[in-house]
1. Evaluate the distance, in nm, between pseudo-label points positioned 7 Å from the Cα of H26 and of S77 along their respective Cα→Cβ axes.
2. How far apart, in nm, are the 7 Å Cα→Cβ label points at F10 and A142?
3. Could you pull out the pairs from K16/K115; K98/K144; K122/K144; K66/K144 whose alpha carbons sit more than 27 Å apart here?
4. Lone cysteines in the chain, defined as no other cysteine's Cβ under 4.7 Å from theirs: which are they?
5. Please state the charge dipole magnitude for the chain, taken about the Cα centre, from unit charges on C-beta atoms (+1 on K and R, -1 on D and E), reported in debye and rounded to the nearest 20.
6. Could the peptides 90-96, 169-175 be put in order, highest first, of the mean number of other beta-carbon atoms found within 10 Å of their residues?
7. What is the magnitude of the charge dipole of region 96-169 about its Cα centre, with +1 placed on the Cβ of each Lys and Arg, -1 on the Cβ of each Asp and Glu, and no other charges, expressed in debye to the nearest 20?
8. How large is the charge dipole for region 68-135, taken about the Cα centre, if only the Cβ atoms of Lys, Arg (+1) and Asp, Glu (-1) carry charge, to the nearest 20 debye?
Amino acid sequence: MQFSLNDLYFTNVTDKRRHGLLLYEHIGTELANLAETKKYVQRLDQLAKTLHHSMESLVMFTLCSKCGEQVEGGCCSDFMAGETDAIQLLMNMLMDIKIEVQRQDVLECCYLGDKGCIFTLKPFFCLNYNCSDILKGNTITALKPYIQATGQLLSEQNRMEEYILTYLRRQEILTH
Ligand code: SF4
Ligand code: SF4
């Protein structure tokens with residue numbers, strides 16, 4: 001099994017999902033059992049929980065579900081599903097997330113489930129999206145924990161991604 005960066009990052013949503021699932025099938029168990037992987041998974045789980053709490057305290061989930069109920073209201077559009085990639089999907093599978101298509105309505109992101117996005121580790125663009133409805137009405141002090149938690153999660157996600165890419169290169173699975 002061999003992949004190029006293009007296969008993992010720049011193919012369409014379905015192919016990226018297929019490539020992520022293939023990677024997990026072939027190397028998921030071996031990768032999950034490495035001490036370094038376990039360390040990343042534990043740390044990312046903690047950081048994702050911290051971010052979740054900070055989002056709760058900004059009542060973001062209530063705001064977003066109200067927004068999502070409106071026609072073309074939410075920001076998780078079908079177009080945004082293009083931000084996912086095979087490594088991000090693999091990382092979620094290593095964190096016990098089942099990668100299953102939630103909808104095929106060509107309006108909303110196929111990974112948007114009844115309780116929101118299925119991922120613990122969202123694509124960078126989704127995580128970094130600063131919606132004006134969320135920002136307005138909140139002071140910088142109130143937003144600070146959320147901004148900090150987002151930054152910490154993004155940095156650690158980035159480190160785990162680099163670690164996996166290095167692993168794939170060493171195994172000669174990632175070609176160029
Ligand atoms: S982040 Fe903003 S645009 Fe996206 S669903 Fe929430 S309120 Fe709506
Ligand atoms: S946050 Fe999740 S559901 Fe929303 S667009 Fe991004 S990947 Fe899709």
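Just so you know, all these numbers are worked out from the coordinates, no wet-lab data involved. Since we're looking at a predicted model, the values are computed, not measured. No Cβ is skipped: glycine too gets one built from the backbone with ideal geometry, and neighbour counts run over all protein chains shown.
1. Modelled inter-label distance: 3.5 nm.
2. 4.3
3. Where the Cα-Cα span goes over 27 Å, the pairs concerned are K98/K144.
4. C64, C67, C75, C110, C117, C126, C131
5. Working: 17 positive and 22 negative charges, 104 e Å.
Around 500 debye, computed over the chain.
6. On the way: 90-96: 20.0, 169-175: 13.1.
In decreasing order of mean packing, 90-96, 169-175 become 90-96, 169-175.
7. Charge dipole of region 96-169: 200 debye, to the nearest 20.
8. Working: 4 positive and 11 negative charges, 49 e Å.
That gives a dipole near 240 debye.
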